[in-house]
Amino acid sequence: MTALAITLSCLLFMASLAFLPKRMLLAPACAFIALTLLSLASTGEGYPLLPINGTILLCWLCMTVVVMTATLLQPLPLRRSSKGMGYIIVGAIAGMAVGLLGVSYASQVSVLYGIMIVATVAGIFFGFLLYTKTPEGRPVGIGTGNFFKYLLAKGFPTAITVMQIGVVLVLIIALHKY
């Protein structure tokens, strides 16, 4: 059962990243289902494989529902647009990776968790800022008035999806370091 839960979780996390450019509504849901499956995985002695408790799951469920509702409330042309998503996704993953490097500075798991979240958000911001410097991204540049609207419309679901992957990685690092 544990091997199946881990395998399905990995596949769902990859699917959530694949859904981000075109099916943004499904991406956070896939990531949450993967997180939930990992919470069900246990060792041979019956202990949880990762310490994903009900509080963690409830918090991420609420964030997933909020981001999916916000995505549904967006105008359809904005929801269907995938302009700049490559920059945002790569920025988010790079930011999460940089945040996970904070393990050398973090003395507690909560500090590493916070560093990962801040770095992911910064990665999304800088990825989108890089996109606005391209000819295709000039219409949503900083001076146009569409910058923050588009950044939040595309960056918020990306952040929640990538951060759920980051939570699992933080817990894996914490189990091996602390």
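Tabulated data
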{"read-out": "Calculated from backbone phi, Karplus (6.51, -1.76, 1.60) coupling profile of the stretch 128-135 in Hz, x at Gly/Pro", "value": "5, 4, 5, 4, 5, 8, 8, x"}
{"read-out": "Contact order normalised by residue count of the chain, Cα under 8 Å, 6+ apart, percent", "value": "25 percent"}
{"read-out": "Accessible area (Å², 1.4 Å probe, nearest 10) - Y87", "value": "90 Å²"}
{"read-out": "Residues whose placed amide H lies under 5 Å from that of S42, excluding near-sequence neighbours", "value": "T2, L49"}
{"read-out": "Accessible area of M85 in the full protein assembly, 1.4 Å probe (Å², nearest 10)", "value": "0 Å²"}
{"read-out": "3J(HN,Hα) from dihedral phi, the stretch 68-76, Karplus parametrisation 6.51/-1.76/1.60, rounded to Hz, x for glycine, proline", "value": "5, 5, 5, 5, 5, 7, 6, x, 4"}
{"read-out": "Net lengthening on full extension, L76/N146 (0.36 nm per residue, minus Cα-Cα)", "value": "23.6 nm"}
{"read-out": "Per-residue ³J(HN,Hα) for the stretch 89-101, Karplus 6.51 cos²θ - 1.76 cosθ + 1.60, θ = phi - 60°, Hz, x for Gly and Pro", "value": "5, 5, x, 5, 5, 5, x, 5, 5, 5, x, 6, 5"}
{"read-out": "Mean-position separation - Cα centroids, the stretch 34-59 and the stretch 95-172, in angstrom", "value": "25 Å"}
{"read-out": "Taking the C-alpha atoms of the chain, convex hull volume expressed per residue in Å³", "value": "108 Å³"}
{"read-out": "I6 accessible area, assembled protein chains, probe 1.4 Å, Å²", "value": "60 Å²"}
{"read-out": "Helix-only [θ]222 nm of the chain, DSSP H runs n ≥ 4, -39500 (n - 2.57) each, per residue, nearest 500", "value": "-24500 deg cm²/dmol"}
{"read-out": "Sequence of E45, E136 when ordered by accessible area, the most exposed leading, probe 1.4 angstrom", "value": "E45, E136"}
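The values are calculated or read from the model by the stated rules, or taken from the named source; none is laboratory data. Every value quoted in this text rests on a predicted model; they were computed, and no experiment measured them. The protein model used for the area step is the full one, side chains on, heavy atoms only, and it has no ligands, DNA or RNA in it. Shrake-Rupley method; radii C 1.70, N 1.55, O 1.52, S 1.80 Å.
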